[in-house]
1. Looking at segment A:325-336 only, could you name the residues that are within 34 Å of the chain's Cα centre (by Cα), open to solvent by 40 Å² or more (accessible area, probe 1.4 Å) and within 6 Å of RNA strand B (Cβ to nearest atom)?
2. Looking at (1) touching a Leu at 6+ places or on another chain (Cβ under 8 Å); (2) in contact (Cβ under 8 Å) with a residue 60 or more places away in the chain; (3) farther than 30 Å from residue A:144 by Cβ, which is the only condition residue A:322 fails?
3. Looking at segment A:136-158 only, could you name the residues that are open to solvent by 30 Å² or more (accessible area, probe 1.4 Å), of a type outside the set (S, T, N, Q) and within 8 Å of RNA strand B (Cβ to nearest atom)?
4. Taking the options A:386, A:397, A:402, name whichever one is under 19 Å from residue A:224 (Cα atoms), in contact (Cβ under 8 Å) with a residue 40 or more places away in the chain and open to solvent by less than 10 Å² (accessible area, probe 1.4 Å).
5. List the strands (runs of 3 or more DSSP E) inside segment A:187-275, counting only whole elements, that have at least 2 residues being open to solvent by 10 Å² or more (accessible area, probe 1.4 Å) and more than 10 Å from RNA strand B (Cβ to nearest atom).
6. If I ask for residues that are touching a Pro at 6+ places or on another chain (Cβ under 8 Å) and in a helix (DSSP H, G or I), which ones from segment A:93-138 would you list?
7. Identify the single condition in (1) at pLDDT 90 or above; (2) within 23 Å of the chain's Cα centre (by Cα); (3) hydroxyl-bearing (Ser, Thr, Tyr) that residue A:436 does not satisfy, given that it satisfies every other one.
8. Please name all residue pairs, on different chains or six or more residues apart, with Cβ atoms under 6 Å, provided the first residue is in segment A:440-464 and is within 11 Å of RNA strand B (Cβ to nearest atom) and the second residue is part of a loop (DSSP other than H, G, I, E, B) and open to solvent by 10 Å² or more (accessible area, probe 1.4 Å).
Amino acid sequence: MSSDKDFIKQITKRSDDFSRWYTDVIKRAELADYTTMKGMMVIRPYGYEIWEHIQSNLDKMFKDTGHKNAYFPLFIPESFLKKEAEHVEGFAPEVAWVSFGGDEELEERLAVRPTSEAIICSMYSKWIKSWRDLPVLINQWANVVRWEKVTRPFLRTTEFLWQEGHTVHESAEDAQSETLRMLNIYKTFAEDYLAIPVISGMKSEAEKFAGAESTYAIEALMPDGKALQAGTSHNLGQNFSKAFNIRFETRDQNLEFGWQTSWGVSTRLIGALIMVHGDDSGLVIPPRVAPLQAVIVPISRGNWKETVLPEAQKLFSSLKEAGIRVYLDDRDTYTPGWKFSEWEMRGVPVRIEIGPKDIEKGQVVLVNRINREKSFVEIGNLMIELNNLLEKIQKDLFEKALKYRKDNTVTNKTLNDLAQTIEEKRGFVRSGWCGSPDCEAKVKEKTAATIRVIDNKKESGINKCLVCGKDSTDTVIFAKSY
RNA sequence: CGGGGCGUGGCUCAGUCUGGUAGAGUAUCGGUUUUGGGAACCGAGGGUCGCAGGUUCGAACCCUGCCGCCCCGACCA
């Protein structure tokens, strides 16, 4: 960040201690707060508002592709969870159980959903009888609970908010194209709205979702060089339909099990957004999902309440009317300088200053959160200039993140090179891989890096497995992950 | 689950080694002067030091146990 001064004193510098910086920003910007229970955080209004913007934009994308929302129960009977063997095995260690209702012990324990495949599939088996019932395209916005050992606000909490889509299709091909369609929606959303560049691709067998046929993911690179899985889309094949007996009569009058998908993103996206765009002054929120896109700070001198404030109020009304998410900070308990720092810390993309000098000249001052660049614009041009600036910030944030990712993506041909890269600077590493789980495990053992995605873009020069040297079937991205 | 750190006004922390009247900064409240990058001064309120037990004339400080949080590693959105 091109700052000569650090105006914010209560945030650990990002370069000093990235983890501390992360939690400092969350607390200071009032995105979330810790409770007395481990791993349980409160999402405060300012943080929740970011989630609401994520929700509303994604929800529209889901609806535009034919999906509907529904809501399924929080509790899942133990017997349901156990129906799909791989699924229960994968989730068992992190399921919270309810065994009492009031003071009566339940005959069957209830799981607090760690994900809803089991309960949803149990209903689908009732609802789906014919090919005419398909596809079923349902999404739910919900909370889930996973008893994680290590928690961090937004990135991994015991309870978190997400959406989970659960679809059923007539054919393997339909399920596969749905899987990829949703993966693509996630990618588009991450890049266009959150301004976070992601790589997408399939997961290896070792990394796939418990119970899936195949898992696809979008992965983002964080500023500390670690990868963050930002969304997943699973092709469930017939694994669950067989376990839950979801059968339908086909067009040619046979009985067949449904072909399913499931896909989700969570409040973790907020964590990604904080890390990717933030700086030493605090948050930087991309305009499209920012609770506030602009804040007006009237310069309080002399009788400013009679002179400056009315002008500021006019600005506020007109911007608000034009659909800008804007706030007028007319508090007289704080100085302008204090407010500047405060709103920077909270990541508002544009600050609008208006003072006596500006009114004289018929102008206002726009300040870009990314670089504190000031521009003086005529009041008449404010709307157009502000919109331009917001778009520019949205774009610049993406470009900056993309550049960072490019600068931190390297190609390594040997395990030693990979180990060195991970040791020295982390980042994404492209390599060849023969597809063997053994080779994958060796990499993990030696470097702690895992295959984030298999992105089958053939790259010249990568044609051998970095471990065993055999011909590589896949080009993969390795990274240390969150 | 292993390693490390920490728990003292709302917040950040000093004080613990070497036991002896609980401190600072900040925030809050009242007042005056201020206000183009976290303003200055004056005044005020607010904690029994994570919990439980022990040693002692006396414990924030020493001992034992417990709880919680944070960070780093093995598992996970």
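1. Result: no residue meets the conditions.
2. Against the list (1) touching a Leu at 6+ places or on another chain (Cβ under 8 Å); (2) in contact (Cβ under 8 Å) with a residue 60 or more places away in the chain; (3) farther than 30 Å from residue A:144 by Cβ, residue A:322 comes up short only on (1).
3. Listed by number, the residues that qualify are A:146, A:148, A:149, A:150, A:152, A:156.
4. On the way: A:386 fails: under 19 Å from residue A:224 (Cα atoms); A:402 fails: open to solvent by less than 10 Å² (accessible area, probe 1.4 Å).
Answer to the selection: A:397.
5. Numbers: elements: A:199-202, A:214-221, A:227-237, A:247-249, A:255-257, A:259-266.
Those strands (runs of 3 or more DSSP E) span A:199-202, A:214-221, A:247-249, A:255-257.
6. Passing the criteria: A:94, A:119.
7. (2)
8. Every condition considered, the pairs that remain are A:448/A:480; A:449/A:480.
The values are calculated or read from the model by the stated rules, or taken from the named source; none is laboratory data. Model, not experiment: these values are computed from the prediction. Here Cβ is always computed from backbone atoms with ideal geometry, including for glycine, and neighbour counts include all displayed protein chains. Calculation scope for accessible area: heavy atoms of the full protein, side chains included, ligands and nucleic acids excluded. Shrake-Rupley method; radii C 1.70, N 1.55, O 1.52, S 1.80 Å.
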